[in-house]
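Everything below concerns the one structure shown next.
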Amino acid sequence: MASIFSSLITMILLLLLLGGEARDPFACDPKDTTTKNLPFCRATLPITERVKDLIGRLTLEEKVSLLVNNAAAVPRLGMKGYEWWSEALHGVSNVGPGTKFGGPFPAATSFPQVITTAASFNASLWEAIGRVVSDEARAMYNGGVGGLTYWSPNVNIFRDPRWGRGQETPGEDPILAGRYAASYVRGLQGSDGNQLKVAASCKHFTAYDLDNWNGVDRFHFNAKVSKQDIEETFNVPFRMCVKEGKVASVMCSYNQVNGVPTCADPKLLKSTVRGQWGLKGYIVSDCDSVGVFYTNQHYTSTPEEAAADAIKAGLDLDCGPFLAVHTENAVKKGLLNEGEVNSALVNTLTVQMRLGMFNGEPSAQPYGHLGPRDVCTPAHQDLAHEAAKQGIVLLKNNGPSLPLSLRRPHTVAVIGPNSNVTLTMIGNYAGIGCAYTSPLQGIGRYAKTIHEVGCINVACNDEKQFVRALDAARQADATVLVMGLDQSIEAETVDRAGLLLPGYQQQLVSKVAAASKGPTILVLMSGGPVDITFAKNDPRIKGILWAGYPGQAGGAAIADILFGTANPGGKLPMTWYPQEYLKNLPMTNMAMRASHSEGYPGRTYRFYNGPVVYPFGYGLSYTHFIHTFASAPKVLSVPVAGHHHVNISNISNKAIRVTHARCGKLSISLQVDVKNIGSKDGTHTLLVFSAPPSGNGHWAPHKQLVAFEKVHVPAKAQQRVQINIHVCKLLSVVDRLGTRRIPLGEHSLHIGDVKHTLSLQAVTFGITKS
């Protein structure tokens, strides 16, 4: 009787913890006597054995019903239906049908959009955000309103500044995107080895960065990509996500690459993702991708051929109904065999078992205690605020005019279509934030405000509201203009036409700056870069901040930067180009490198050498840092494996294949002293770039980011930072055939204006001379 009473009390406490409704087991319910003792329900057995046992019990019809995102129930085996599609780009989202807000879960912490968080260049922050998001995701799953499979992050390269989804990415640099991917995924998935907290998915593989431009949409686009660019740029973040982040899933994209739909390409899915990189998880299509390559791209003659091609290529799960409808007929027609269907299920069911979905009661599992009280906690909301502060970039500070004074009472005119927004701050693929602080509210915590929108929205189609805005600027001691973009200008399915501020925004900024009694500060919300050359060059505009889409606490963070209670340390994760950059630049041209004969300018800081508004990695502070190389090697020997036949006389001034070098732990260690010579404490972002030896032709970018570190340095103090650079991964380049090589000779490493020369020399041993 005592044990029964104790169990009852435990159940009551659990129900209270989970908001009154605990989730029933997905499968292997201890109360189900028909299944609880079957091998696939025995958590003590290896997962491989359990999966094999379960698949062996399924009929073909049941198997096919599990190949889609809204996987059907199998009642006779005690399995409930499961919705695979949930999103958690920068917080738990309700974009996918697997997660819903309401009841004890009205909201979740909404962090800054990824492009803003990337500007922090802080890998530990990215992982911390992932841990919070997965806490909240598990809590919602336990409460019966969320899933465990989250199709995030988006790690595509922000190749073209017009791309509407660039805001979802970590920017234009492949190493930055890859570090972000691995860090965020580790935070989401946890560190319990084979057990998953939630299952992340890196998307959209690959060369996907066009939505709808000039009559070309993502459903019909064939991305023609060189072997060089695919290896050196587009695939890098995905490789790092799989190999370093150990992600549980990769999503293939809508587009074709060189004439083959990515979701039907065995070279990409089977050979690269699963073969070369060793994905331990499942491959999922972007939603309706299989249907798209049949219906829109006419890649196959029949739907059964499309289903067969996708599964044979290595696709395991279809977001959409296509495989559920057509796979069984594909098997019956001999286009596919049941063993190939089984292989797909091995990958999805393994992930579900790693998530604990076949281990009985969710409440008895490691994350079973998480509930409503673990969502929107003060600590989680503080982290969203901190992330926004770290991601804001100071672009201009003449005078300096920032920070604004806290010492005397003053009035601030807060003007602009983004001055009192909330939902704009959380960008796309967002959920419902716990609480919002708009820029107007944030500034109002520091000063008396006069508020005018100037334009009723970011389209800013007329000047009807200008007069009132100008009057406000004339009255105030300082003016803050909060301008920029929103999802009506840049979003999924919406690529931008140009880089200028929309409508009459530029005129509003210039007129307000001319009328303002005090200093004028421009704050921009946007995902993509904006050509604000006019504001950069206008002496009446004293300061410029880029806030990206700063999340639920964005207004508080903007105000903290404006008034100096936080010191900006963000750096731009993408190049800000002038409008003229677009003159000969179709979005459909995937080439990264410039072509002078064609007047093609090249893309990103790695290959474009023309004028910019602000360069990649740019960002100011309220203090000043200087760096010096305390220690760094001048020469490093690169051992060449003895089983390769190498012509020694030809190796000294060329580049050796990475596969011919003994890479192992071949790395260099730099000791860099960072001194804060200003009067304010600050956090500095060390960006280490490498320029390879000259004479590498089309192999080498102008320079490439090889490392970054974040360091806090008090005023007048100095910190020493150690930076390790893996030679084969980070000092290599890719030749025209897509082969990664290590250029021998003098590499230039630089941090800001400080440079160091490192000579890489081949050391051969055990070589058969030729």
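The values are calculated or read from the model by the stated rules, or taken from the named source; none is laboratory data. If you're wondering where the values come from, they're calculated on a predicted model, not measured in any experiment. Please note: Cβ atoms are built from the backbone with ideal geometry, for glycine as well, and neighbour counts cover all protein chains shown. Protein only, heavy atoms only, side chains kept; ligands, DNA and RNA dropped before computing areas. Shrake-Rupley method; radii C 1.70, N 1.55, O 1.52, S 1.80 Å.
Restricting Arg468, Arg474 to residues that are open to solvent by 10 Å² or more (accessible area, probe 1.4 Å), of a type outside the set (Gly, Ala, Ser), outside any loop (DSSP other than H, G, I, E, B) and without any contact (Cβ under 8 Å) to a residue 24 or more places away in the chain narrows the list to Arg468.
Listed here are the residues, each with its yes/no results for (1) at pLDDT 95 or above; (2) open to solvent by 10 Å² or more (accessible area, probe 1.4 Å).
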position: Lys36; (1), (2): no, yes
position: Leu58; (1), (2): yes, yes
position: Trp84; (1), (2): yes, no
position: Thr116; (1), (2): yes, no
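Taken over segment 726-743, the criterion of being part of a loop (DSSP other than H, G, I, E, B) and either open to solvent by 10 Å² or more (accessible area, probe 1.4 Å) or more than 23 Å from Phe629 (Cα to Cα) (or both) is satisfied by Asp735, Arg736, Leu737, Gly738, Thr739. Restricting segment 442-465 to residues that are under 29 Å from the mean Cα position of the chain (by Cα) and not β-branched (Val, Ile, Thr), the residue that is least open to solvent (accessible area, probe 1.4 Å) is Gly442. Only residues that are over 21 Å from the mean Cα position of the chain (by Cα) and assigned to a strand (DSSP E or B) were counted in segment 249-284, giving 4. For segment 405-418, the set of residues classified as surrounded by fewer than 24 Cβ atoms within 10 Å (Cβ to Cβ), in a loop (DSSP other than H, G, I, E, B) and not basic (Lys, Arg) consists of Ser405, Leu406, Pro409, His410, listed by residue number.
On inspection, Ala497 qualifies as more than 20 Å from Pro170 (Cβ to Cβ) and either open to solvent by less than 10 Å² (accessible area, probe 1.4 Å) or outside any strand (DSSP E or B) (or both).
So for segment 616-628 (the condition being part of a helix (DSSP H, G or I) and touching a residue at least 12 places away in the same chain (Cβ under 8 Å)), does at least one residue qualify?
No.
Screening segment 241-265 for residues that are farther than 16 Å from Gly291 by Cα and free of Cβ contacts under 8 Å to residues at least 60 places away in the same chain and picking the one that is surrounded by the most Cβ atoms within 10 Å (Cβ to Cβ) gives Val250.
Would you say Gly164 is at negative phi and not hydroxyl-bearing (Ser, Thr, Tyr)? So Gly164 fits the description; yes. Exactly one residue out of Val331, Val325 is surrounded by fewer than 19 Cβ atoms within 10 Å (Cβ to Cβ), of a type in the set (A, V, I, L, M, F, W, C) and over 30 Å from Leu196 (Cα atoms): that is Val325. Residues in segment 695-708 include none that are more than 25 Å from the chain's Cα centre (by Cα), open to solvent by 20 Å² or more (accessible area, probe 1.4 Å), modelled with pLDDT of 95 or more and of a type in the set (Lys, Arg). From the list Met592, Met574, Met587, the lone residue that is outside the structural domain of Thr757 (by the TED database) and either outside any loop (DSSP other than H, G, I, E, B) or in contact with a strand residue (DSSP E or B) (Cβ under 9 Å, 6 or more places away or on another chain) (or both) is Met587.
A residue that is under 30 Å from Thr44 (Cα atoms), touching a residue at least 40 places away in the same chain (Cβ under 8 Å), in contact with a Leu (Cβ under 8 Å, 6 or more places away or on another chain) and not assigned by the TED database to the domain that holds Ala491 occurs nowhere in segment 204-211. In the condition set (1) over 28 Å from the mean Cα position of the chain (by Cα); (2) open to solvent by 30 Å² or more (accessible area, probe 1.4 Å), Asn676 is compliant with all but (2). The residue of segment 371-418 that is modelled with the lowest pLDDT, among those that are among the small types (Gly, Ala, Ser) and under 21 Å from Gly444 (Cβ atoms), is Ser405. Say whether the condition of being assigned by the TED database to the domain that holds Glu87 and at positive phi is met by at least one residue in segment 255-265. Looking for residues that are assigned by the TED database to the domain that holds Glu87 and at positive phi, one finds at least one in segment 255-265, hence yes. The combined condition, being more than 23 Å from Gly543 (Cβ to Cβ) and surrounded by fewer than 22 Cβ atoms within 10 Å (Cβ to Cβ), is not fulfilled by Tyr429. Within this structure, Gly528 passes the test of being open to solvent by less than 20 Å² (accessible area, probe 1.4 Å) and either more than 30 Å from Ser732 (Cβ to Cβ) or in the same structural domain as Ala476 (by the TED database) (or both). If you take the residues of segment 747-760 that are open to solvent by 40 Å² or more (accessible area, probe 1.4 Å) and at pLDDT 95 or above, which of them is farthest from Ala630 (Cα to Cα)? The extreme case among them is Thr757.
Does Glu172 qualify as being acidic (Asp, Glu), in contact with a Ser or Thr (Cβ under 8 Å, 6 or more places away or on another chain) and not in a loop (DSSP other than H, G, I, E, B)? No, not satisfied.
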